[in-house]
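I have placed the structure first, in the form of structure tokens, so that the comments after it can refer back to it.
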Amino acid sequence: MIEISRTNKQGHWSFSYKKNIITTVGMAFICGGIALLSGPWWLPFVALAASKIGIKIDTSTNYWLAGILILIGILIICFKFCYVDKRARLIENDKKIIAQSPVEFKKIKAYFDHLIRDHSYYSSMDDTFVQAYLQFSNASQALQDKKTASLFRVFSKDAENLHNFIETNFFVFPEDQCCSSDKKYCLHPDLNIDRNMVFYDTNKSQEYDNKAKILCDLVCNAEKSYNSFIDRLKILGHTIVS
């Protein structure tokens, strides 16, 4: 059975099928080729009877067409066993890995939103973000499906670039958070008149705007690659914490 569906919110199309339909199609080609080789058992008798009244029926076997049909059938079955079944096993293995370590979609989106809207984040959010882009990097949790793994690597690289910028451009603010285990960090508070810039300075304000532009670009890149990764997981039916 073949199923084609579309999600209204995301607008993504998905295609699914029962694997045995591929085997059935392959066998149909093979059987058709074999049938063409053997021909109907009654054809020689019909040809003999027709010859009595001057009608000639060609009873020769079309070996080329039969061979092509059989070859197509064999290739379809090989495709099923060598690609479809193998890919299904890899995806199933990924499902087990992701089920043991679910993707924290909602928390990562909140982290991106804080960075864009307020140029800030909390340390707990940052810890979750780091864990997310390292989540499937080690050998024991490496994703097996090639496309899924490739999308994760792109996200991981974009996320690492973002985090490298954050580590050198964000500072604890307000400073009096000694009693808090979940500290708030802000983009260069000393360059922001709404935070820790005591007297307005045009140069400092311009420097802050430049830093904010870089931050925005890095967040957008990381969020875009993260969404592509998440969309892939959704299509394949993986566990996602939304």
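Descriptive notes on the structure:
- Averaging Cα coordinates gives a centre for region 91-107 and one for region 167-242; these two points are 26 Å apart.
- Surface exposure of region 125-242, expressed per residue as accessible area with a 1.4 Å probe, stands at 56 Å².
- Reachable aspartates and glutamates, given that their alpha-carbon falls under 12 Å from the alpha-carbon of Lys184 and they are not under 8 places away in the same chain: Asp118, Asp126, Glu175, Asp176
- Among the listed pairs Lys107/Lys224; Lys157/Lys224; Lys204/Lys224, those beyond 23 Å (Cα-Cα): Lys204/Lys224
- Each Lys and Arg Cβ is given +1 and each Asp and Glu Cβ -1; about its Cα centre, region 189-242 then shows a dipole of about 300 debye.
The values are calculated or read from the model by the stated rules, or taken from the named source; none is laboratory data. Quantities reported herein were computed from a predicted structural model and do not represent experimental measurements. All Cβ positions, glycine included, derive from the backbone under ideal geometry; neighbour counts span all protein chains shown. For the accessible areas, the whole protein counts, side chains as well, though only heavy atoms, and no ligand, DNA or RNA atoms are used. Shrake-Rupley method; radii C 1.70, N 1.55, O 1.52, S 1.80 Å.
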